[in-house]
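The values are calculated or read from the model by the stated rules, or taken from the named source; none is laboratory data. Since this is a predicted model, take the numbers as computed values, not measurements. Note: ideal-geometry Cβ built from the backbone for every residue, glycine included; neighbour counts use all protein chains shown. Accessible surface areas use protein heavy atoms only, side chains included; no ligands, DNA or RNA. Shrake-Rupley method; radii C 1.70, N 1.55, O 1.52, S 1.80 Å.
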Amino acid sequence: MNILIVGSGGREHTFAYKLAQSDLCSKLFVAPGNAGTASMATNLDISVTDFDKIKEVVLAENIEMLVVGPEVPLVAGITDFFKKDPQLAHVTVIGPSAEGAQLEGSKEYAKEFLMRYNIPTAAYESFTAETVEKGHAFLETLKAPYVLKADGLAAGKGVLILNDLDEAKAELTDMLTNEKFGEASQKVVIEEFLDGIELSVFVLTDGKNYITLPTAKDYKRIGEGDTGLNTGGMGAISPVPFANDEFMAKIENKVIKPTVAGLAKEDIDYKGFIFIGLIKVGNEPKVIEYNVRMGDPETEAVLPRVKNDLVDLFVNVGNQTLDQVSLDLDPRTAVTLMTVAGGYPEAYNKGDEITGIETIEDSIVFQAGTTLKDGKVVTNGGRVLTITSFGNNFKEALEVSYKNVKKVQFKDMYYRTDLGFDL
């Protein structure tokens, strides 16, 4: 079949890499894609939210499967757009409906869902500009550190964790009245702080059945030792060493099963990925957040470990036959190391030439913020590319990525040298 991937990051390059390996894939397209996807698929210069243009190409190229990478088109309703159009309704769409996408599109919606199904999570309340004083009063009832989350989509950067009460009050005011994170912070969720170690669990569901993909741990902060500003993610390790069978059984029973059952009970059309951001508090899992797609850069560490034919997996999602699938995993650890443009996550350069990609051995390069200019690969985003490697444990795998990253060069390239420091 002909397949279209929507998105342009490292996650989408990883999807392309896996889908292109399948005998079931005839032609592969990526909209808009990057310099990495260009080597294995046809890139289309179409925005991820230009549904009319996407429709045109789906009909022109006889596309039968749409794989939606990022959250923005899902929240904007791309799945519903396909379902409601008689010309597109036959296309298998990997991604939830707009209603299902609210699990990521609204922190408040997600919290209410968690509470309805008794899924363990932090206590919370939400506030708007009209109730900012109540927000200040609520902060006074909590102990430091204080967790403030923009309700809407903020590209993974809308969360503040603050130790000082006055600073927390000032930031709450800034988020609500000055729209620090734009529309995303017209409503802010304040949560109790959970102390523990984080991990991500990825589930692929057909709306009735599900399979649990490998766990991963990503590193969000720009600085060594998890300091500095939040980013979209500086690297990831899969599997998470502390997620043993006993702990995974708790996640399955207390989190995954009630999540999938809750979506089905509410008749929410959900065929795609559920990314569950968790924290291990003592020996108990608590949900920090839901995302409604695969993570980035976690995808670059998780999917290379999945030996199954990815097209076949997605066909089973479309047919609601995931219960007939058994997951075949590479038992080794995979790590992915993110290289970013100097200055990221604040102002950074674009258009700098990248050299050395072709010299890398024993690792896979997944490109993210790249594009082609005059036949050369150049930077086109803050997070530029990842280097994924395998090993018998995460230290072994990281050694390979750290050796290979030295072969890649672009102006002011930066990466963290301490991944796995907390494991």
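Rounded to whole Å, give me the distance from the Cα center of region 340-394 to that of region 225-247.
Comparing the Cα centres of region 340-394 and region 225-247, I get a distance of 21 Å.
Would you calculate a helix-derived [θ] at 222 nm for the chain, using -39,500 (n - 2.57) for each DSSP H run of n ≥ 4 and dividing by the full residue count, to the nearest 500?
It comes out at -7500 deg cm²/dmol, rounded to the nearest 500.
When the Cα atoms of region 195-332 are enclosed in a convex hull and the volume is divided per residue, what value in Å³ results?
In region 195-332, the Cα convex hull volume per residue is 116 Å³.
Excluding Lys307 itself, what net charge comes from residues whose Cβ is under 15 Å from its Cβ, given Lys and Arg +1 and Asp and Glu -1?
With Lys, Arg at +1 and Asp, Glu at -1, the net is -2.
If we sort 64-73, 107-116 on the protection proxy, mean other Cβ atoms within 10 Å, highest first, what's the order?
Packing order, densest peptide first, comes out as 64-73, 107-116.
If ligands, DNA and RNA are left out, what is the accessible area of Tyr17 with a 1.4 Å probe, given in Å² to the nearest 10?
For Tyr17, solvent-accessible area is about 70 Å².
Past 24 Å, Cα to Cα: identify those pairs from Lys107/Lys169; Lys149/Lys265; Lys111/Lys187; Lys220/Lys411; Lys107/Lys257; Lys27/Lys407, in the order given.
From Lys107/Lys169; Lys149/Lys265; Lys111/Lys187; Lys220/Lys411; Lys107/Lys257; Lys27/Lys407, over 24 Å: Lys149/Lys265; Lys27/Lys407.
Which order do you get for Ile94, Ile222 if you rank them by accessible area with a 1.4 Å probe, largest at the top?
Ile222, Ile94
Please give the solvent-accessible surface of Asp151 in Å², to the nearest 10, using a probe radius of 1.4 Å with every protein chain present.
20
For a quick protection proxy, order the peptides 231-244, 131-144 by their average other-Cβ count within 10 Å, most packed first.
Highest mean packing first, the order is 231-244, 131-144.
Mind checking region 285-376 for GluC sites (Glu not before Pro) that DSSP puts in a loop (not H, G, I, E or B) and that have at most 16 other Cβ atoms within 10 Å?
Loop-located and lightly packed - Glu346, Glu361.
In the neighborhood of Ala249, defined by Cβ-to-Cβ distances under 14 Å, what is the net charge if each Lys or Arg adds +1 and each Asp or Glu adds -1?
Residues near Ala249 contribute 0 overall.
Can you pull the accessible area of Met248 for me, 1.4 Å probe, Å² to the nearest 10?
Number for this one is 40 Å².
Using the per-residue mean of other Cβ atoms lying within 10 Å as a proxy for protection, in what order, highest first, do the peptides 257-265, 316-324 fall?
257-265, 316-324
Just report the Cα centroid separation between region 137-214 and region 1-24, whole Å.
31
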